[in-house]
Amino acid sequence: MRIPNTAERRFGRTWITVAVALGTFAAGIGLTLFFTHRETTPANSISNTNSGNANASMRVSALGRLQPSGGVVPVYGPPGDRIKEMKPLSPGMMLKSGEPIATLASREQRELEVKVAEVQLQEAKDALKAAKESGQKKIDAAQADVNQIAANEENDLKALGAKLTFVEKQKTQAATMLERLQKLKKDEVRVAEEDLEKAKLGVAQADAELVGAKAAKDKAVVSYAENKKAANARLASAKADLDEAVARAPIKSSEEKLAVAKKTLDLTILKAPIDGTVLKVTGKEGQPTGVEPIIHLGNLKEMTIVAEVYESDVERLAEWVKKGPVAAEATNSALPKALHGAVRTDQDIARMIARNQVMPIGSREDSDRRVVEVTAHLDAESSAIAARFVGLQVTVTLASK
């Protein structure tokens, strides 16, 4: 057996090195072409883009997720509180709107605040009642003075009027008597001077009493007028005092404080905001509130597909919807069968382009896409199936009829 010399060995190694280099170069070109082809075809772009497929331009593929028509509703508690008691909840349980979910630790403090507000309101009512009773007594007393003055005025003026009438009659009689005596004397009938003087004195006395009676009556009229003004002023003042006492009584503010306290107390029991099914329970007794949801709710009677359609396909999809509903089909290996629904109107197509939320499988797939959310409403049969798979990532095909 001949042993190769040094030159032959060097020549052989050279050919082996060249062959390995050529093989590595060819493999690199093949991988580059393969990945370049994958990256230039986004996971949710138009499906069936081969020129030989006549229906390629009438179909759009996208990634999407299953969710209730009203979305998933997370229920939070107020920040700074803590869960004292959780109601026995489990996924799949149906809740009515307003049904209790949990009781907060602050409820005991809020109950005390309600009691304090109730006491303050009762104190305000008692103070108002006392003020009304006292004010009414003052009003009654002032009214009695007004009534008394009116009654006295009537009686006194009647008496003074009667006295004035009597004095006027006395004056008339005295004047008649004096006139008769003076006539007799003129007729030379003997008349005693003493009787004549008495008659003159009677007339003068009657005149004086008449003046006095008129002055007394005028004075009484003026006095009673002033007394009535003063009494009416006291009556008005008593009424004003009562109105002021009523206005100062903090009834309205106390009622509002009590209403706020009761509302705050009511908020210490967390309640279901909608009719729906419990999807997930994360709250636990002793857990702080306001940080994470306590439960997740969803109305599973109507399910939808939220498809993330590539931005370049949206305009074409909008044109299809103008002609009528666009059929939608969702698939995933977890589903017992494909789900079917439709994009009903242009309102099911969002007006905002955003970053995708559904991530494609595969490290080399495009995970940063600009998409528009399109809602497809599932039919009754598909909704019943999808209700068990809220949040499931699906592949969606939208097809124009």
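The values are calculated or read from the model by the stated rules, or taken from the named source; none is laboratory data. This structure is a prediction, so every number in the text was calculated from the model and none was measured. When we count neighbours, we look across all protein chains shown, and the Cβ atoms used for this are built from the backbone with ideal geometry, even at glycine. Areas reflect the complete protein model, heavy atoms only, side chains present, ligands, DNA and RNA absent. Shrake-Rupley method; radii C 1.70, N 1.55, O 1.52, S 1.80 Å.
Got a number for carbon plus sulfur as a percent of segment 303-363's accessible area, 1.4 Å probe? Intermediate results must be reported in sequence, preceding the final value.
Values: 1790 of 3350 Å².
Carbon and sulfur together cover 53 percent of it.
Considering only protein heavy atoms, with the full assembly of protein chains and a 1.4 angstrom probe, order 241, 187 by accessible area, largest first. Please report the intermediate quantities before stating the final value.
Values: 241 75, 187 95 Å².
Largest accessible area first, the list is 187, 241.
Could you sort the peptides 87-98, 306-317, 280-291 by per-residue average Cβ neighbour count (10 Å cutoff), highest mean leading?
Working: 87-98: 12.7, 306-317: 19.4, 280-291: 14.2.
Answer by packing, highest mean first, reads 306-317, 280-291, 87-98.
Straight-line reach from residue 284: which lysines have a Cα under 20 Å away, not including same-chain ones fewer than 8 places off? In chain and number order, the partners are 84, 87, 271. Note on segment 118-163: Lys pairs 8 or more places apart or on different chains, Cα atoms under 30 Å apart, count 4. Which lysines have a Cα less than 22 Å from the Cα of residue 322, not counting those fewer than 8 places away in the same chain? The qualifying lysines are 401. Expressed as a whole percentage, what fraction of the accessible surface of segment 106-233 belongs to carbon and sulfur atoms when a 1.4 Å probe is rolled over the protein heavy atoms? Of all accessible area on segment 106-233, carbon and sulfur atoms account for 54 percent.
In this simple spin-label model, placing a label point 7 Å from the Cα along the Cα-to-Cβ direction at both residue 226 and residue 244 gives a separation of 2.6 nm. A straight Cα-to-Cα reach below 26 Å connects residue 185 with the lysines 169, 171, 198, 200, residues fewer than 8 places away in its own chain not being considered.
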